[in-house]
1. Computing the accessible area with a 1.4 Å probe over protein heavy atoms, can you report the carbon and sulfur percentage for the chain?
2. Around residue 179, what is the net charge, scoring Lys/Arg as +1 and Asp/Glu as -1 over all other residues with Cβ under 15 Å from its Cβ?
3. For the chain, report the accessible area per residue in Å² (1.4 Å probe, heavy atoms, rounded to an integer).
4. What are the extents of the Cα atoms of the stretch 138-208 along their three principal axes, in Å, largest first?
5. Enter the per residue convex hull volume of the stretch 169-208, computed from alpha-carbon coordinates, in Å³ rounded to the nearest integer.
6. About the Cα centre of the chain, how large is the charge dipole given +1 on each Lys and Arg Cβ and -1 on each Asp and Glu Cβ? Please answer in debye to the nearest 20.
7. Of the listed pairs 19/138; 19/129; 21/138, which have alpha-carbon separations greater than 31 Å here?
8. Given DSSP loops and a limit of at most 12 other Cβ atoms within 10 Å, what is the longest stretch of the chain that contains no such GluC sites (Glu not before Pro)?
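The values are calculated or read from the model by the stated rules, or taken from the named source; none is laboratory data. Model, not experiment: these values are computed from the prediction. Neighbour counts run over all protein chains shown; Cβ positions are idealised from the backbone, glycine included. Side chains are part of the model used for accessible areas, which takes the heavy atoms of the whole protein and leaves out ligands, DNA and RNA. Shrake-Rupley method; radii C 1.70, N 1.55, O 1.52, S 1.80 Å.
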Amino acid sequence: MNLDSEELNKWVEEIEQLKEKVRNAAIKSDRLIAFYGSSSIRMWENISDDLQPYQVINLGFGGSSYYWCNYFQPEVFDNFSPKQVILYAGDNDLGSETPENEIINNLASLVDKFKSHLSEIGITVISVKPSPERHYLKDKIESLNAKIKDLMHSVEGDYIDIYSRMLSDQGDYRSELFLEDQLHMNELGYEIWQREILQYLNESSLTY
């Protein structure tokens, strides 16, 4: 991707806010779980309360993709060494028609960056969620999720399947879990994330 200054400038304010949040983190970084990714992370306003007793920091920035998460990783995580990072993106990647292999390559590069600089870090990826607004991408979402799961297995990382947990018993997308735009989640959607992520953390072999 060829970047121009206008394209980069749209991220400046949010990335500076994330860097400031990291600098002001009151908890020792080696105790923190960093959530890093797109607006599904950024808009989880109650994440610290919802995931107690775990200590978390919300490093989501709206509109991001695995490309941008990878691009800004060195900046956001400079001199910052959380115990674990939990990643979420993919919606915007598919929405912008990024090819699946390119998305996986961007994610693999992001994982490699974390492992290269923070060798002991735990890395987990949350599956792409089933937003009704992007139901037309259903087959691509399911294919991408399968590839993400395989990638995380190959790098000895973890994968949290929230996609299937957010479907109805009949396998349908659920509009009641989303805001009016049918793209971003409401409290009901985040309750599912809370339950699944807490279960994962409680069952994790990592010690906090």
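1. Working: 4500 of 10650 Å².
Roughly 42 percent, rounded to a whole number.
2. With Lys, Arg at +1 and Asp, Glu at -1, the net is -4.
3. Ligands and nucleic acids excluded, the result is 51 Å² per residue.
4. Over the stretch 138-208, Cα extents along the principal axes are 38, 29, 22 Å.
5. 94
6. For the chain, the charge dipole is close to 620 debye.
7. Working: 19/138 34 Å; 19/129 27 Å; 21/138 35 Å.
Going by Cα-Cα distance, 19/138; 21/138 fall outside the 31 Å limit.
8. Free of exposed loop sites, the longest segment is 46-96.
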